[in-house]
Protein chains: 2
Amino acid sequence: MTKFMDVHSGFVGVSARQLQEAHARDLVIEADEGVHFERAWLDPDRGKVFCLASGPSREAVLRIHERAGHPTSEIYELLVEVA
Amino acid sequence: MTKFMDVHSGFVGVSARQLQEAHARDLVIEADEGVHFERAWLDPDRGKVFCLASGPSREAVLRIHERAGHPTSEIYELLVEVA
């Protein structure tokens, strides 16, 4: 399993509830692709959303996001993590 | 304390060791600004680095990154987090 960060732009003014609902739409179908969306963060003033996921491939992550209604072309494969 | 995500571009081919060293340069000075860099992730093929931090302001996070030698203009204030 690899970690992925995907980035969504243009979500200015999205509320916490809307982000929670969008995230929930991923969670209910993510197992179909062996993906897990761990966390999502929103900057409502700049309209940016970041989703941290684990899964077998970028394509698997993207397919879940597409089916949930929020595709993105920006998805990064996080081969290195430090803490 | 607020969470922040900053994004760095152009780091194609950076190694795990180089990311660890860069992150360590933040950690040794972060307390000066009341900032904590929690995690950093790297996509070495696309040259993207994401840093998740907590701190009092965007400016405080940026000042630490500048002093550590890796400024960025892309820093987002994560007012909403879901899991």
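Throughout, read-outs are computed from the coordinates displayed, never taken from laboratory work. All figures in this text were calculated on a predicted structure; none of them were measured in a lab. Here Cβ is always computed from backbone atoms with ideal geometry, including for glycine, and neighbour counts include all displayed protein chains.
Return the residue satisfying two criteria in turn: it lies in region B:2-32 and is touching a helix residue (DSSP H, G or I) at 6+ places or on another chain (Cβ under 7 Å) and buried (at least 19 other Cβ atoms within 10 Å of the Cβ), and of such residues it is nearest to B:A60 (Cα to Cα).
B:E30
Output the residues belonging to region A:35-55 that are within 24 Å of B:Y76 (Cα to Cα) and among the hydrophobic types (A, V, I, L, M, F, W, C).
Those that are within 24 Å of B:Y76 (Cα to Cα) and among the hydrophobic types (A, V, I, L, M, F, W, C): A:F37, A:A40, A:W41, A:L42, A:V49, A:F50, A:C51, A:L52, A:A53.
Of all the residues that make up region B:35-50, how many are over 14 Å from A:E81 (Cα atoms), more than 9 Å from chain A (Cβ to nearest Cβ) and either in a helix (DSSP H, G or I) or not β-branched (V, I, T) (or both)?
So the answer is 1.
Does any residue in region A:12-25 that is part of a helix (DSSP H, G or I) come within less than 6 Å, Cβ to Cβ, of a residue that is small (G, A, S) and surrounded by 14 or more Cβ atoms within 10 Å (Cβ to Cβ) six or more places away or on a different chain, and which pairs are these?
Taking only residues 6 or more apart or on different chains, the pairs are A:H23/A:A40; A:R25/A:A68.
Please go through (1) within 9 Å of chain B (Cβ to nearest Cβ); (2) surrounded by fewer than 18 Cβ atoms within 10 Å (Cβ to Cβ); (3) free of Cβ contacts under 8 Å to residues at least 40 places away in the same chain for A:V82 and return the number of the only condition it doesn't satisfy.
Of (1) within 9 Å of chain B (Cβ to nearest Cβ); (2) surrounded by fewer than 18 Cβ atoms within 10 Å (Cβ to Cβ); (3) free of Cβ contacts under 8 Å to residues at least 40 places away in the same chain, only one is false for A:V82: (2).
Does region B:66-79 hold any residues that are surrounded by 18 or more Cβ atoms within 10 Å (Cβ to Cβ) and over 19 Å from A:V49 (Cβ atoms), and which are they?
Scanning region B:66-79 gives a single hit, B:A68.
Looking at region B:33-50, which of the residues that are of a type in the set (D, E, K, R) and out of contact with any His (no Cβ under 8 Å at 6 or more places or on another chain) is nearest to B:V61 (Cα to Cα)?
For region B:33-50, the residue satisfying everything is B:E33.
Restricting attention to region A:59-83, report how many residues are farther than 15 Å from B:L42 by Cβ and part of a strand (DSSP E or B). Outline the logic, then answer.
Quick first cut of region A:59-83, residues farther than 15 Å from B:L42 by Cβ only: A:59-74.
Now restrict to residues that are part of a strand (DSSP E or B): A:74.
Total meeting the criteria: 1.
If you go through region A:52-65 one residue at a time, do you hit one that is surrounded by 15 or more Cβ atoms within 10 Å (Cβ to Cβ), more than 30 Å from B:R17 (Cβ to Cβ), within 10 Å of chain B (Cβ to nearest Cβ) and out of contact with any Gly (no Cβ under 7 Å at 6 or more places or on another chain)?
Within region A:52-65 (the criterion being surrounded by 15 or more Cβ atoms within 10 Å (Cβ to Cβ), more than 30 Å from B:R17 (Cβ to Cβ), within 10 Å of chain B (Cβ to nearest Cβ) and out of contact with any Gly (no Cβ under 7 Å at 6 or more places or on another chain)), the answer is no, since none of the residues qualifies.
Name the single residue, out of those in region A:2-34 being of a type in the set (V, I, T) and closer than 15 Å to A:Y76 by Cβ, that is farthest from the other protein chains (Cβ to nearest Cβ).
The extreme case among them is A:T2.
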